[in-house]
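The values are calculated or read from the model by the stated rules, or taken from the named source; none is laboratory data. Since the model is a prediction, treat every value here as computed from it, not as a measurement. Here the Cβ positions follow ideal geometry from the backbone for every residue, glycine too, while neighbour counts run over all protein chains shown.
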């Protein structure tokens, strides 16, 4: 067999059986080998940023990697923003980048580029396969690196001649899995003393600790000791809803986060980083840890954070039933005009059990988290790295990962245009994704940031650069053109009915929700 088939066979043997692809000439032997390795599901995307974002959504839901297939350095560059988000989420991804044949590199062909430099900023592991005989072993190593712990983007560069040449070694066996390490007993005992000290203490959860198991243990700790329970602003995958302890996430705005942390004397990090401001602002703090606060780490990324929380709960004497779950509650079905508040109420009233919410709602989705806190249990995926354009692709990957669960993509209109091509893939694969486009016709958050950074309030030229009118974007027409049924709603009642209808029907659909620009 050739190197491409050895690669695919190794990936499948290692548990990687989905590949989101936007291939080119250098990857044609990989493409041809899909017919010889039918266990690998190849999914075409129309833009590399959709492929990488879909792999991120898939990995966040399954805990195991999907592969991507990208064309040379420019294709990798096109996918870089969502690989950045995946890196920040510590999502396992096997990122395969095709390259020119090794002997062709010296001719400096038009698509020759520095792949290593492009990949370096997002890859936790990087390797160039030198020969067809090395492909199987390199693929097995890539999967092992991607799955971690703590999980990373593992980039494997595949020269065309390593792909088409015969491999005498063939596929490679799966590498042994590495399990997360436990928190040291002495560290747990030290932090239990901190929690019993009577000084104001907060647990800051992130990463693997914001699933139900970690949340229950953390809630037991806080209920017993009086500590605050906080979560990072943008968790990779937060489990929430009725019956699961609620997590108060740090505010996006630095001032809000500082208010939440005010007076905290001990901050215990659990698979999370110490909080910092997302941007620098004149006269405002970058480091959001309160002055005089001592920062402790219970679990680093790659360690067993839920297990550490359970051990800590035992150390502080927390009873098994002492966690405080969120009560079941839904808002009333809203009536009247559309607004961020009625949008949130409609989503809270209609969200089905087991839903996967991919949240790129940005400013218009401000109230949605509160309105869905008591909805049936669901998963919440967020914009971990801040690079917009993740919503539609991540929803695509999540739907591939969990075909029996409804996926809700809460999508701002400006960021929707970064990766709108994902709708085509949803239609082609018949994925159960309901996309709600929050159409306020503005980069609203940048209108706010224009003020916050201390710039001039902005005249017509500045405002026009942040405005999405002239012409208005018609998401109903755009969606239908990409094969996804769509409708535009004009009232809160229409929105609730449209949501319920979409969740009840298989396949993708899009709902355009016009919102007042001033409230965006």
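Just one of 72, 83 is touching a strand residue (DSSP E or B) at 6+ places or on another chain (Cβ under 9 Å) and at positive phi; which is it? Before you say what the answer is, go through the steps one by one.
Working: 83 fails: at positive phi.
Answer to the selection: 72.
Which one is farthest from residue 152 (Cα to Cα), of the residues in the range 45-78 that are surrounded by fewer than 24 Cβ atoms within 10 Å (Cβ to Cβ) and out of contact with any helix residue (DSSP H, G or I) (no Cβ under 7 Å at 6 or more places or on another chain)?
Top of the filtered list is 74.
Filter the range 277-309 down to the residues that are touching a helix residue (DSSP H, G or I) at 6+ places or on another chain (Cβ under 8 Å) and in a helix (DSSP H, G or I), then identify the one that is surrounded by the most Cβ atoms within 10 Å (Cβ to Cβ).
Ranking the candidates gives 305 first.
Can you confirm whether residue 139 is touching a helix residue (DSSP H, G or I) at 6+ places or on another chain (Cβ under 8 Å) and in the same structural domain as residue 299 (by TED's automatic domain parsing)?
On the way: touching a helix residue (DSSP H, G or I) at 6+ places or on another chain (Cβ under 8 Å): yes; in the same structural domain as residue 299 (by TED's automatic domain parsing): no.
Taking the combined requirement at face value, the residue does not satisfy it.
Determine whether the range 315-331 contains at least one residue that is under 30 Å from residue 450 (Cβ atoms), more than 23 Å from the chain's Cα centre (by Cα) and not assigned by TED's automatic domain parsing to the domain that holds residue 455.
Taking the range 315-331 first, the residues under 30 Å from residue 450 (Cβ atoms) are none.
No, the range 315-331 contains no residue that is under 30 Å from residue 450 (Cβ atoms), more than 23 Å from the chain's Cα centre (by Cα) and not assigned by TED's automatic domain parsing to the domain that holds residue 455.
Take the range 69-109 and flag every residue that is farther than 29 Å from residue 301 by Cβ and assigned to a loop (DSSP other than H, G, I, E, B). So that I can check it myself, show each step before the final result.
Of the range 69-109, the ones farther than 29 Å from residue 301 by Cβ are 71-72, 74, 98-109.
Across the range 69-109, the qualifying residues are 100, 101, 108, 109.
Kindly state which helices (runs of 4 or more DSSP H) lie completely within the range 350-455 and contain at least 1 residues that are over 17 Å from the mean Cα position of the chain (by Cα).
Of the helices (runs of 4 or more DSSP H) lying wholly inside the range 350-455, those with at least 1 residues that are over 17 Å from the mean Cα position of the chain (by Cα) span 368-371, 413-416, 422-429, 444-452.
In the set 346, 395, which member is closer than 17 Å to residue 58 by Cβ and surrounded by 24 or more Cβ atoms within 10 Å (Cβ to Cβ)? Full working, then the answer.
Numbers: 346 fails: closer than 17 Å to residue 58 by Cβ.
After applying the criteria, what remains is 395.
Please name all residue pairs, on different chains or six or more residues apart, with Cβ atoms under 6 Å, provided the first residue is in the range 67-86 and is assigned by TED's automatic domain parsing to the domain that holds residue 34 and touching a residue at least 40 places away in the same chain (Cβ under 8 Å) and the second residue is assigned to a helix (DSSP H, G or I) and surrounded by fewer than 22 Cβ atoms within 10 Å (Cβ to Cβ).
The qualifying pairs are 73/118; 76/118; 77/118.
For residues that are closer than 28 Å to residue 85 by Cβ and surrounded by 22 or more Cβ atoms within 10 Å (Cβ to Cβ), tally how many sit in the range 164-182.
Step one: of the range 164-182, the residues closer than 28 Å to residue 85 by Cβ are 174-175, 177-181.
Now narrow it down to the ones that are surrounded by 22 or more Cβ atoms within 10 Å (Cβ to Cβ): none.
The number of residues fulfilling the criteria is 0.
Please count how many residues of the range 493-512 are touching a helix residue (DSSP H, G or I) at 6+ places or on another chain (Cβ under 6 Å) and more than 15 Å from residue 351 (Cβ to Cβ).
4
If a residue has to be surrounded by 16 or more Cβ atoms within 10 Å (Cβ to Cβ) and within 20 Å of the chain's Cα centre (by Cα) to count, how many in the range 260-276 make the cut? So that I can check it myself, show each step before the final result.
Within the range 260-276, the subset surrounded by 16 or more Cβ atoms within 10 Å (Cβ to Cβ) is 260-261, 264, 266-272, 275.
Subset that is within 20 Å of the chain's Cα centre (by Cα): 270-272, 275.
Number of matching residues: 4.
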